[in-house]
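Okay, so here's the structure we're looking at.
The values are calculated or read from the model by the stated rules, or taken from the named source; none is laboratory data. Predicted, not measured: the structure shown is a model, and the values here were computed from it. Quick reminder, even Gly has a Cβ in these numbers, built from the backbone with ideal geometry, and neighbours come from all protein chains shown.
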Ligand SMILES: Cc1cc2nc3c(=O)[nH]c(=O)nc-3n(C[C@H](O)[C@H](O)[C@H](O)COP(=O)(O)O)c2cc1C
């Protein structure tokens, strides 16, 4: 099991970070960590989006300057492909993903690197991958259509688009409640994390992504 951690937990005293540390402590060897708060991910400016479309849709190798602009995005892809278990740790911001986390997804969801189109249908390539989303929010949200929680369905959809075999969600919700209530919810979240990681450890090794062309 090769675990890659993608974290965005910028707040001092982050509860999401504490849950993540609880997960990391159970992993041996220690996972590779991409910390999006320490180094913010690049965005699609004109150079990057034109270079990406020309390369990944048109097969045109980018000029050196464009390749350099795309390089940090491509590094995220390689890190993602090298692992088969991903832990994404992020708080909810404005009912959805913080911009830095969306930028990471925009970087890794690359045609012919993590997904393709075959016979007119989308095909995710990371079929041996599974993800654990660790998130916290001050509000509490119902599942399903009409929910104000846009974060969980987005994460499920984006990992699913890349072919992930499953996404487990541990959501420490209601962090604005009285301390004893929050403590109870965080303990419950830690127990859910324990169950997911134990299940990962007990699973047989899975196949890796197909090679990029
Ligand atoms: C910029 C910002 C936006 C937020 N938006 C929401 C929100 O839309 N819904 C919600 O329930 N909590 C929201 N919160 C609260 C956080 O999700 C919540 O406090 C979370 O537990 C913080 O995680 P952290 O302790 O890891 O920083 C927001 C917090 C910040 C700083």
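Name the residues in the range 147-157 that are modelled with pLDDT of 95 or more and either within 16 Å of the ligand (Cβ to nearest atom) or buried (at least 20 other Cβ atoms within 10 Å of the Cβ) (or both), would you?
Residues satisfying the conditions are 148, 149, 150, 151, 152, 153, 154, 155.
Checking the conditions here, which among 63, 82, 25, 54 is away from the ligand (no atom under 16 Å from the Cβ), closer than 26 Å to residue 199 by Cβ and out of contact with any strand residue (DSSP E or B) (no Cβ under 8 Å at 6 or more places or on another chain)?
Only one candidate qualifies: 25.
Identify, from the list 139, 144, 160, the residue that is in a loop (DSSP other than H, G, I, E, B) and at pLDDT 95 or above.
Details: 144 fails: at pLDDT 95 or above; 160 fails: in a loop (DSSP other than H, G, I, E, B).
139 is the lone residue from the list that is in a loop (DSSP other than H, G, I, E, B) and at pLDDT 95 or above.
Among the numbered criteria (1) surrounded by 18 or more Cβ atoms within 10 Å (Cβ to Cβ); (2) at pLDDT 95 or above; (3) in a loop (DSSP other than H, G, I, E, B); (4) within 16 Å of the ligand (Cβ to nearest atom), which one does residue 175 miss?
So residue 175 meets the others, but not (2).
Of (1) away from the ligand (no atom under 13 Å from the Cβ); (2) touching a strand residue (DSSP E or B) at 6+ places or on another chain (Cβ under 8 Å); (3) closer than 23 Å to residue 1 by Cβ, residue 75 satisfies all except one. Which?
Checking residue 75 against (1) away from the ligand (no atom under 13 Å from the Cβ); (2) touching a strand residue (DSSP E or B) at 6+ places or on another chain (Cβ under 8 Å); (3) closer than 23 Å to residue 1 by Cβ, the one that fails is (2).
For the structure I just gave you, tell me whether residue 185 is at pLDDT 95 or above, in contact with a strand residue (DSSP E or B) (Cβ under 9 Å, 6 or more places away or on another chain) and closer than 30 Å to residue 124 by Cα.
Criteria not met by residue 185.
I'd like the full set of residues that are over 14 Å from the mean Cα position of the chain (by Cα), more than 13 Å from the ligand (Cβ to nearest atom) and buried (at least 19 other Cβ atoms within 10 Å of the Cβ), limited to the range 125-146.
125
Looking only at the range 1-19, which residues are outside any loop (DSSP other than H, G, I, E, B) and more than 9 Å from the ligand (Cβ to nearest atom)?
3, 4, 5, 6, 7
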